[in-house]
1. Going by alpha carbons, how many degrees (0 to 90, nearest 10) lie between the helix axis of 77-87 and the longest principal axis of the chain?
2. Output the 0 to 90 degree angle, nearest 10, between the alpha-carbon long axis of helix 163-172 and the longest principal axis computed from the alpha carbons of the chain.
3. Take peptides 218-225, 185-192, 363-370 and line them up by average Cβ neighbours within 10 Å, highest first, as a rough protection proxy.
4. For the chain, with only Lys/Arg (+1) and Asp/Glu (-1) charged at the beta-carbon, what is the dipole magnitude about the Cα centre, in debye rounded to 20?
5. Using Cα pairs under 8 angstrom and six or more residues apart, how large is the relative contact order of the chain, in percent?
6. With both bridge residues required to lie in the range 111-223, what share of the DSSP beta bridges run antiparallel, to the nearest 5%?
7. Quick check: pseudo-label points 7 Å beyond the Cα along Cα→Cβ at residue 278 and residue 227, how many nm apart are they?
8. Checking the cross-link filter: which lysines have an alpha carbon closer than 22 Å to that of residue 38, excluding same-chain neighbours under 8 positions apart?
Amino acid sequence: MSLSDLSREDLTELHAQLTLAYEELVAQGLKLDLTRGKPSAAQLDLSNELLTLPGAGKFTAEAGVDCRNYGGTQGLVELREIFSPLLQVPVEQLVAGDNASLSIMHDTLVFSLLKGTVGGEPWVRQPTRFICPVPGYDRHFALCEQFGIEMIGVPLGEHGPDLDQVRELVASDPAVKGIWIVPTYANPTGAVYTEGVTRALVEMPTAAPDFRIFWDNAYAVHHLTDSETPAIDVLGLASAAGHPDRVFVFASTSKITFAGAGVSFFAGSPANVAWYLAHLSKRTIGPDKVNHLRHASYLKSPEGVRELMRRHRAVIAPKFDQVIEILTERLGQYETASWTRPDGGYFVSLDVADGTATRVVALAKTAGIVMTAAGAAFPYGLDPRDRNIRIAPTMPEPADVAAAIAGLTTCVLLAATEQRLAG
Ligand SMILES: Cc1ncc(COP(=O)(O)O)c(C=O)c1O
């Protein structure tokens, strides 16, 4: 029984029932938070062994490196060897850093703006624009806003952005210097880029010779199903396309080990790695190699990482299943909302009736269910259709996830019926 098929009388009746259900929801005095995609304590506990590593007296890495001392800007090779096959980048083109890939993205942007990319002029001398597949990661957009980079939203599909729009934008405007890409289990839709889409992105002619793809593979190994989609060899494809320097790769162990005390990664062509390290060496005399050593001895091998991620999956996949189940059960028949069913990553992206997302989030907040602000997944926080809500189910306990999503569905339907009755 789609909402659009209901007579005004039936709609009024449904609205009355939903108003009652909403009043009961508010009376429960819930205190639930589904805002940020953080790992739960149970996930963090999986890596508690890290707290005892590298162990008393163990501070020497391969090649005799004393991890307690300065130096080694590229990071420990034994750690890079573990992540090189997982990210599909050569060890010598991989840099291991400190605890946040967001910091590396920030630095890469600042270096490009102030110093220029390999062989290019500082971006800051001209207007700079970035293509932002939407919905996308709010902190990517916050970085652009922070540095005055104008953002152009392009709709993101299941396997990448609308390529015709992207090609047209990059070909016609030399101010378009970059694009944000989350290739595997994109935040928040779960989109997974195919090799074909990737090839198109690295091959396409661009008006800016120093155009860069910011390839943020934050969820490269964060599978929720048995089909563990491998990373795409984006650097190899870019080289083969004659644009070896087009791609900056980012990743981290934030959602593998400890979100606040993991290791981040940068990768690129040999020229981009040399460029990055040259600028980085002005900013630091070396990364936290004790943390690198600790991670290398804990994770041991690429398979060690894969096994740990399967244990994460055992903790969080049931929460995702619950979200999908409740949304389907409570909203399915009304055909007023749609949602993603991600095979990995940290989010479910919910599209409610156009023009009601802000109202839904406000209703939920009054009922003690805090959702990410409507529009957060769009540049400048502006969702042109005011319909997208990002659900982050990993952090709360399963019972709280269920209560929050059930409550949210009441808000979604209440806002949709309100809107229809007002129209
Ligand atoms: C797409 C994406 N990139 C990067 C990050 C943050 O990564 P890090 O903890 O390495 O800074 C997140 C965290 O939610 C994310 O969703």
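Readers should treat all values here as calculations from the given coordinates under stated rules, not as data from a laboratory. What you are looking at is a predicted structure, and each value in this text was computed from that prediction instead of being measured. With ideal geometry, Cβ positions are generated from the backbone for all residues, glycine too; neighbour counts draw on all protein chains shown.
1. 40 degrees
2. 60 degrees
3. Details: 218-225: 22.2, 185-192: 26.0, 363-370: 19.0.
Those peptides, ordered most packed to least, come out 185-192, 218-225, 363-370.
4. Once rounded to the nearest 20, the dipole reads 1240 debye.
5. On the way: 799 pairs, mean separation 111.3, N = 423.
Result for the chain is 26 percent.
6. Values: 2 of 15 bridges.
Within the range 111-223, antiparallel bridges account for around 15 percent of the total.
7. 4.4 nm
8. 255, 319, 365
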